[in-house]
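First up is the structure itself, then whatever we jot down about it.
The values are calculated or read from the model by the stated rules, or taken from the named source; none is laboratory data. Source: prediction; values computed, not measured. Glycine gets a Cβ as well: all are built from the backbone with ideal geometry, and neighbour counts include every protein chain shown. Note: areas computed on protein heavy atoms with side chains; ligands, DNA, RNA excluded. Shrake-Rupley method; radii C 1.70, N 1.55, O 1.52, S 1.80 Å.
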Amino acid sequence: MKKSLKILIFIPFILFVSACQTITTRYEEQSCPEPQIVCSPKKYTGIERDTSEMVAKIQGWHYRVEEVQQLNTSGNEWAISFNKSTPYLTISDGDKNSVLVCKALNFNKILPQKTFQNPAFGSYGFPVFRKNKVYYSYVEDKSKRTINEFFDSTGRVLVPIEEQIGQAELYSSDFKINEISNPERIDIYDRQVSDWYSQPAFTSDGHIMFFASDRKGSLGGVDIWMAYINNGKMSKPINCGNLVNTECDEITPFVSENDKKLYFASCGGETLGGFDIFSVEISDLLNESRLASTEELEKLNFFTKRENIRGPFNTKYNEISPFAVGVNDSLFYYASNQNQVSTSTDKGGFDIFVRYKVYIDNKQEKVNITQNEINIQPKEEVKIETPKTDWFYKLEGTVYEKKNNNPIDNAEIIAEEKIGTKKNSVKTDKQGNYSIPMIRNEEYLVTATARDLFPQNVKIFVGMDDTTKIVHQNFYLPEIYTLRVNFPTDVYDQPYRYVLDSTGTESNVLWQEDISSLAENIIQGKDNIVKIILVGHTDDVASDEYNQKLGERRVNFVKNELIKQGVPSELLEVRSAGESELLPRWPNESVEMNRKRCRRVVLEKVLK
């Protein structure tokens, strides 16, 4: 069996200690853990579900499965959830997890737009929305605040155990227009400091919350639990019993819209590989009852018919995080790492897939994928858009030298679609002007580049409901390039997903995209380059000596990424400035924002 995913997905800040080890810096000693239960899954030998068009001629429809377009990267996309028509994507982001606000262009085409900002520092994900509240799992980053240290009589520094362990917990916050505020930890009965709680899910009326936890009473490692919610208060959690849980791990619960099914991922029972997605039927009486124990739940058969949803949806890899849209679960999203062997730059790790129904017109004997034939309930959650205006618009502007604002003749503008990686390019005229045709409902990475200068990237998107005919975008190309790969405070090889702009604000350009265009610019002009000097910079956290080494590791990370893109290593000369060249704080700029700007790599070309 593969290692449990709970650590990889949600709790990057957990500190693990050996069993029975004496911890001298904690208030209390840790008792020996109970003997570990052996996880022994069996191979699923059932028949794979037929998704061919032949079966559709018999039953009138068939399933189709595909990756969600424009959403996946080479990193991890752990889960997708919806609040009405807005999708929210839980991702790995540097050394933590975070959530992206997205735009649904279609049920199988979803565009990430920006980070869903959490008012506190830490790792968070799996948001669930109920009216003006959002519920999610959260791990506080202990390095971002001063902890309550004190000294004992021998001079040892003591720290409370609850301030050392970064276990995931369940939180709720007020929610309004993609902003959250007033975070509160959900009070859980008999919660222990080392317990792990994540992935909340609710019945449609909000009276029952399901979640994953390794709290005492679990049948194996992590189990699915439930609790009744009354006036915002949570009852004593009840383990969902042996029809849901096994001696292995069960994670990522989801309740269907009609409250008839509980979906979850399990690596126990009969599976095709690591984690498979399962379902159980929920009794109508569950919401009307007030159960007190797991034994009562099992005795009354509130959960029945544990079923593997079978292949080709489940694979020999891992499938987790089910999320269904529509009363009949006609749209079914989930995450899978089946692309881990892919050589594509936009695949790998966990990616988001969608299963949907396609109906066959027997008279025509062909597949017609239209709004009426795909079994989608006429609700807000999913909208399949049709063109309402002209498909095309123009991107126009001028390319300048950043140093003196002189227009650049013969600069190249490259517009690259994310889907299919199609590229279109034009050159600027003698006045530095350009005009390039673009297609609506496609996201473009647009790069301006010129010989002897560094490039500039922007993301451009115009939707079908936007009547704009011309989008204006000027570019300013620098002689000295500041690569603002957004590194966490103490990390050099796990950047956050998006680069920062010159103000320290997160952009919508991926760090891989920035480095790729930079590498292409260097390769095209390499015959006129003696060398490129790269200087790594840090913020002022930690000692001078430590930051000198950290800056060196960061600049070498960028160097290695450029070499992977084909840049000759002999052109690259690296050094670290550590914290010796800090950027001054701007008026009203926060300390954290200034430190983000300071964590950078600066490049300069030495030309022949």
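Each residue was assigned an accessible area with a 1.4 Å probe, and for residue 133 the value is about 60 Å².
Largest first, the residues 215, 191, 585 sort by 1.4 Å accessible area into 585, 191, 215.
Sorting 438, 234 by solvent-accessible area of protein heavy atoms yields 234, 438, largest first, with a 1.4 Å probe. Summing Cβ point charges (Lys, Arg +1; Asp, Glu -1) relative to the Cα centre of the range 422-577 gives a dipole of roughly 600 debye.
In the assembled protein chains, residue 229 presents an accessible area of approximately 40 Å² (probe radius 1.4 Å). Residues 451, 597, 484 ordered from highest to lowest accessible area at a 1.4 Å probe: 451, 484, 597.
The modelled label-to-label distance between residue 593 and residue 205, using points 7 Å beyond Cα along the C-beta direction, is 4.7 nm. The string of couplings for the range 430-439 from the Karplus curve (6.51, -1.76, 1.60, θ = phi - 60°) is 5, 8, x, 8, 8, 8, 9, x, 9, 10 Hz, one whole number per residue in order, with x for Gly and Pro. Note: relative contact order over the range 166-224, using C-alpha pairs below 8 Å and six or more positions apart, is 26 percent.
In debye, nearest 20, what is the charge dipole magnitude of the range 258-329 about its Cα centre with +1 on Lys and Arg Cβ and -1 on Asp and Glu Cβ, if you could check? Walk me through the numbers on the way to the answer.
Details: 8 positive and 12 negative charges, 37 e Å.
Charge dipole, the range 258-329, about its Cα centre: 180 debye, nearest 20.
Sequentially through the range 448-456, phi angles give Karplus couplings (6.51, -1.76, 1.60; θ = phi - 60°) of 9, 9, 8, 4, 6, 10, 8, x, 9 Hz, Gly and Pro residues having no value and appearing as x. Bridgeable aspartates and glutamates around residue 57 (alpha carbons under 19 Å apart, same-chain partners fewer than 8 residues away excluded): 48, 361, 365, 373.
From a point 7 Å beyond the Cα of residue 305 in the direction of its Cβ, which residues of the range 235-263 have a backbone N at a distance under 12 Å? Counting only backbone N, you get 260-262. Report the calculated FRET efficiency for residue 469 and residue 176 (r = Cβ-Cβ distance, R0 = 35 Å), to the nearest 0.05. For residue 469 and residue 176, the calculated efficiency is 0.55. Close lysine pairs were tallied over the range 497-608: pairs 8 or more places apart or on different chains with Cα atoms under 21 Å apart number 13.
For the cross-link pairs 103/347; 43/299; 233/261, the ones whose C-alpha atoms lie over 22 Å apart are 43/299; 233/261. Computed from the C-beta positions of residue 435 and residue 66, the FRET efficiency with R₀ = 35 Å rounds to 0.50. Accessible area of residue 472 (1.4 Å probe, protein heavy atoms only, ligands and nucleic acids ignored): about 140 Å².
Could you pull out the pairs from 84/260; 131/216; 394/430; 394/427 whose alpha carbons sit more than 22 Å apart here?
Checking Cα-Cα distances, 131/216 exceed 22 Å.
Whose amide H sits under 5 Å from the amide H of residue 324, counting only residues 5 or more places off or on another chain, with H placed in the peptide plane? Hits under the 5 Å cutoff: 333.
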